[in-house]
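One structure is given here, and the rest of the page talks about it.
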Amino acid sequence: MLSVGIVGLPNVGKSTLFNALLKRQAAYVANYPFATIEPNVGIVPVPDERLEKLAEITKIEAKMVQLPPVKPATVSFVDIAGLVKGASEGAGLGNKFLSHIREVSIIAHVVRAFEDASIIREESIGVKEDYEAIVTELILADLQTITAAQSRVKRFAKEAEKTAVEKLFKGLDDGIRAAQITLTLEEQEFAKTFFLLSGKPEIAVLNVAESDYSEEKIKSVTDQYSKLLSIESDKIIVICAKIESDLAELLEKEQKEYLADLGLKTSGLERLIRKAYQTLGLISFLTCGEKEVRAWTIQKGMKAVDAAGVIHTDFTKKFIKAEVIAYPIFIEDKGWKKSRELGKARLEGRDYLMQDGDVVEFKIGA
């Protein structure tokens, strides 16, 4: 399952964002550092309007009285307590929470991009300084990891492993993230064994004031901070944690009306989830039947036989064929029956490369 670690300095809006993600007050939000003592983990559905349409078609085609259950893909979000300068050396609750970051797939680095005199700005100076403070702690933690591995690698490792450690040590010591250090493919594979924090993909989440939360201002804020933080604009998501929290309390129809009033098509939370998918190269294939309509998360470029194994490990061994219809065609033909009659349902072999939105029925042997 995709897992996203929400990190940042204390009081930047991490727990408020987490609460909105869960649509309930699940994390303990308080206006002082270390209010979140243990990392909170929540499973959040991935917004996917395709599933509801598939469910409606399945109900009609199967002559069901009720809609089949809908099961979207999910994301695991981890609300990690506020880090402070010196966390890599154990300051605050640093070491404990740095270890939790190792377990996530991608980091959502929340930075407060507004001023509020009622909120304590603990350890915080400004957007650029706040952002760099956390990045520095991740790099220093990685430097400790690589330093500890040096003696072992010198004695027992292969040549590629030795050069990987040498390059990583030099780069990290120069303040360069592990993700930006050039390694050969063989060196990259060895580097993965260290689970380096600064080597993880990252999305910068700018928590802005309510007055800056509109389609026009989001673009302006993105461009502004892309230059300030030297981050590509497509690695930035602008949210207003306060508004996202308010949205979470509303019914779906009310949420859409609220967003429309702000001139927004989707919530910041939806954009964050989709950006995480995009950054990690993930896609979803869809299955539908009387028992359930479901989205399954896979890596882009995955073969049909491996995708079948995501549903059940036995399907990999017993795979025969995959019957596939692109989602738009499935909707146009109103289900399997007409698509099959028109010859639009394709039978694909084990090496077929899955596409996002493929509606699939796997043929499995006994």
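The values are calculated or read from the model by the stated rules, or taken from the named source; none is laboratory data. From a predicted model like this one, the values you see are computed outputs, not experimental measurements. Cβ sites come from the backbone with ideal geometry, for glycine too, and all protein chains shown count toward neighbours. Just so you know, the surface numbers come from the protein's heavy atoms only, side chains and all, with ligands and any DNA or RNA stripped out. Shrake-Rupley method; radii C 1.70, N 1.55, O 1.52, S 1.80 Å.
Among all positions in region 299-318, there is no residue which is touching a Pro at 6+ places or on another chain (Cβ under 9 Å) and at pLDDT 90 or above. Number of residues in region 326-355 that are surrounded by fewer than 16 Cβ atoms within 10 Å (Cβ to Cβ) and of a type in the set (Gly, Ala, Ser) equals 2. Scanning region 126-177 for residues that are surrounded by 15 or more Cβ atoms within 10 Å (Cβ to Cβ), among the basic types (Lys, Arg) and over 16 Å from Glu189 (Cα atoms) yields a single hit, Arg177. Among the residues of region 261-271, at least one is open to solvent by less than 20 Å² (accessible area, probe 1.4 Å), within 24 Å of Arg50 (Cβ to Cβ) and in contact with a strand residue (DSSP E or B) (Cβ under 6 Å, 6 or more places away or on another chain). Only helices (runs of 4 or more DSSP H) whose full extent lies in region 1-119 are considered here, and the ones with at least 1 residues that are farther than 20 Å from Glu252 by Cβ and at pLDDT 85 or above are 50-61. For region 203-217, the criterion of being open to solvent by 20 Å² or more (accessible area, probe 1.4 Å) and within 23 Å of Tyr277 (Cα to Cα) is satisfied by at least one residue. Step by step: first the residues of region 178-200, then only those that are more than 16 Å from Ala141 (Cβ to Cβ) and not in a helix (DSSP H, G or I), then the one that is most open to solvent (accessible area, probe 1.4 Å). Which residue is that? Top of the filtered list is Thr182. Of all the criteria given as (1) within 30 Å of Arg102 (Cβ to Cβ); (2) touching a residue at least 60 places away in the same chain (Cβ under 8 Å); (3) touching a strand residue (DSSP E or B) at 6+ places or on another chain (Cβ under 8 Å), the one not satisfied by Leu228 is (3).
For Val221, are the conditions met, namely being open to solvent by less than 20 Å² (accessible area, probe 1.4 Å), under 21 Å from the mean Cα position of the chain (by Cα) and under 30 Å from Ile243 (Cα atoms)? So Val221 does not fit the description; no.
Counting only helices (runs of 4 or more DSSP H) that sit completely within region 216-296, those holding 2 or more residues that are under 30 Å from Asp306 (Cβ atoms) correspond to 268-280.
Identify, from the list Glu323, Glu290, Glu257, the residue that is modelled with pLDDT of 90 or more, more than 21 Å from the chain's Cα centre (by Cα), open to solvent by less than 40 Å² (accessible area, probe 1.4 Å) and not β-branched (Val, Ile, Thr). Of Glu323, Glu290, Glu257, the one residue that is modelled with pLDDT of 90 or more, more than 21 Å from the chain's Cα centre (by Cα), open to solvent by less than 40 Å² (accessible area, probe 1.4 Å) and not β-branched (Val, Ile, Thr) is Glu323.
Of all positions in region 298-310, at least one carries a residue that is farther than 22 Å from Pro69 by Cα, among the aliphatic types (A, V, I, L, M) and part of a helix (DSSP H, G or I).
Taking region 44-68 as the range and being touching a residue at least 40 places away in the same chain (Cβ under 8 Å) and more than 19 Å from Phe330 (Cα to Cα) as the test, the residues that pass are Val44, Val46, Pro47.
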